[in-house]
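Report on one structure; see the data block that follows.
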Amino acid sequence: MPQVVHNESPLQGLDPVKLISRRAGHHPRQPQKQVLMPTYVCSVPSGLLTAAQKKSMAEAISQIHSEATGAPAFFVQVIIDENQSADRFLGGQLTTNHIWIRGDIRAGRTKEQRERLMLHILKEVSRITAVDETSIWVYLCNLDATDMIEYGHVLPAPGEEQAWFERLPESLQDYLATLGANRNKFSL
């Protein structure tokens, strides 16, 4: 289970790039990092994508998630995992052209929202990477808000975002506002 990070200043040590989610296979004795949500881990064969494609894919997934859910894009984390030592198999056969995308998102979205989100991600990733849609698999894993910590605070239940934002330390509210958070109508 992720540990809550307590900082004297809510901004101390905040680096969205370094605060990445735990990956499958995380060793329980290793220090755990704060889990940021939503998190999309894209497993791709090593060397399949260019740096520009990776950047475009991360931008597209962030924007699609933001548009589909109302969550600010700066909350969306995308990890492109090209683990060279990992072999991927389908039906016992080695595959070198599949992309798997697992999105850990906050529960509370309708079935229709989730379906539109997955289909939009599928189409954009296929367009960006030139990988056939049949070789891109997307999974959404819904987590209760109480199962997530972002910026050092347990997330609110759907509908309680504004009250959550208002309880944050003022310095953190200021920081989130610089990222584009609406102080008067905060949503996730």
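The values are calculated or read from the model by the stated rules, or taken from the named source; none is laboratory data. Here the structure is a predicted model, which means the values were calculated and not measured. Backbone-built Cβ (ideal geometry, glycine too); neighbour counts: all protein chains shown.
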Kindly indicate whether any position in segment 118-139 is buried (at least 18 other Cβ atoms within 10 Å of the Cβ) and part of a strand (DSSP E or B).
yes
When segment 154-188 is checked residue by residue, the ones that are touching a Lys or Arg at 6+ places or on another chain (Cβ under 8 Å), of a type outside the set (G, A, S) and free of Cβ contacts under 8 Å to residues at least 60 places away in the same chain are P158, Q162, F165, Q173
In the set R183, R102, R109, R114, the lone residue that is within 16 Å of the chain's Cα centre (by Cα) and either modelled with pLDDT under 85 or assigned to a loop (DSSP other than H, G, I, E, B) (or both) is R109
State whether the residues of segment 161-168 include one that is modelled with pLDDT under 90 and of a type in the set (F, W, Y).
no
Any residue at all in segment 153-162 that is over 23 Å from Q113 (Cβ atoms) and in a loop (DSSP other than H, G, I, E, B)?
no
Note on segment 75-86: residues out of contact with any strand residue (DSSP E or B) (no Cβ under 6 Å at 6 or more places or on another chain) and either modelled with pLDDT under 85 or crowded, with 16+ Cβ neighbours inside 10 Å (or both) are F75, V76, N83, Q84, S85, A86
